1. Can you go through ALA22, ALA39 and tell me which one is within 16 Å of GLY115 (Cβ to Cβ), in contact (Cβ under 8 Å) with a residue 40 or more places away in the chain and out of contact with any helix residue (DSSP H, G or I) (no Cβ under 7 Å at 6 or more places or on another chain)?
2. Those residues that are under 14 Å from CYS95 (Cβ atoms) and aliphatic (A, V, I, L, M), I need them from segment 40-63; list them, please.
3. Looking at GLN4, GLN12 in this structure, which one is touching a residue at least 40 places away in the same chain (Cβ under 8 Å), farther than 20 Å from THR98 by Cβ and open to solvent by 20 Å² or more (accessible area, probe 1.4 Å)?
4. Mind listing whichever residues of segment 97-111 are under 14 Å from the mean Cα position of the chain (by Cα) and more than 12 Å from GLU45 (Cα to Cα)?
Amino acid sequence: VQLQAFGGGLVQAGGSLRLSCAASGRTFSNYDMGWFRQAPGKEREFITGISRSGGSPLYADSVMGRFTISRDNAKNTVSLQMTSLKPEDTAVYYCAATSRRMYDRRLGNNYDYWGQGTEVTVSS
């Protein structure tokens with residue numbers, strides 16, 4: 001499956017941004033989806049994941065209550081609504097897909113397909 005993330009940009013602290021990831025090539029509903037981010041000089045970090053049916057969202061503590069993941073299997077998209085953004089949210093954000101059934105959703109190595117990333121910059 002091919003993934004393309006978009007929607008990044010520059011936003012002030014406290015603002016909101018919505019990222020989307022469009023999938024193509026294979027049956028989207030066969031994949032659990034995740035969002036990760038990587039800030040400059042830091043390791044890639046799990047943010048959130050959602051099951052192939054759209055349930056069971058999982059969030060990292062750092063974004064709990066501020067970010068919301070959703071998906072639309074009819075449109076082959078997964079979205080990340082980000083609110084109350086902080087400068088520490090500045091990073092390149094990646095969407096990822098996996099067809100695995102039993103795995104730790106927080107580990108990037110468990111995802112088989114990745115988008116190219118979209119950059120989010122939060123100014124203070």
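1. Numbers: ALA39 fails: within 16 Å of GLY115 (Cβ to Cβ).
After ruling out the rest, the residue left standing is ALA22.
2. ILE47, ILE50
3. Values: GLN4 fails: farther than 20 Å from THR98 by Cβ.
GLN12 is the lone residue from the list that is touching a residue at least 40 places away in the same chain (Cβ under 8 Å), farther than 20 Å from THR98 by Cβ and open to solvent by 20 Å² or more (accessible area, probe 1.4 Å).
4. If we filter segment 97-111 for residues that are under 14 Å from the mean Cα position of the chain (by Cα), which is where we start, we get 97-98, 105-108, 111.
Correct list: ALA97, THR98, TYR111.
The values are calculated or read from the model by the stated rules, or taken from the named source; none is laboratory data. Treat the numbers as computed from the prediction; the structure is a model and nothing was measured. Neighbour counts run over all protein chains shown; Cβ positions are idealised from the backbone, glycine included. Surface areas here come from the heavy atoms of the whole protein model, side chains and all, with no ligands, DNA or RNA. Shrake-Rupley method; radii C 1.70, N 1.55, O 1.52, S 1.80 Å.
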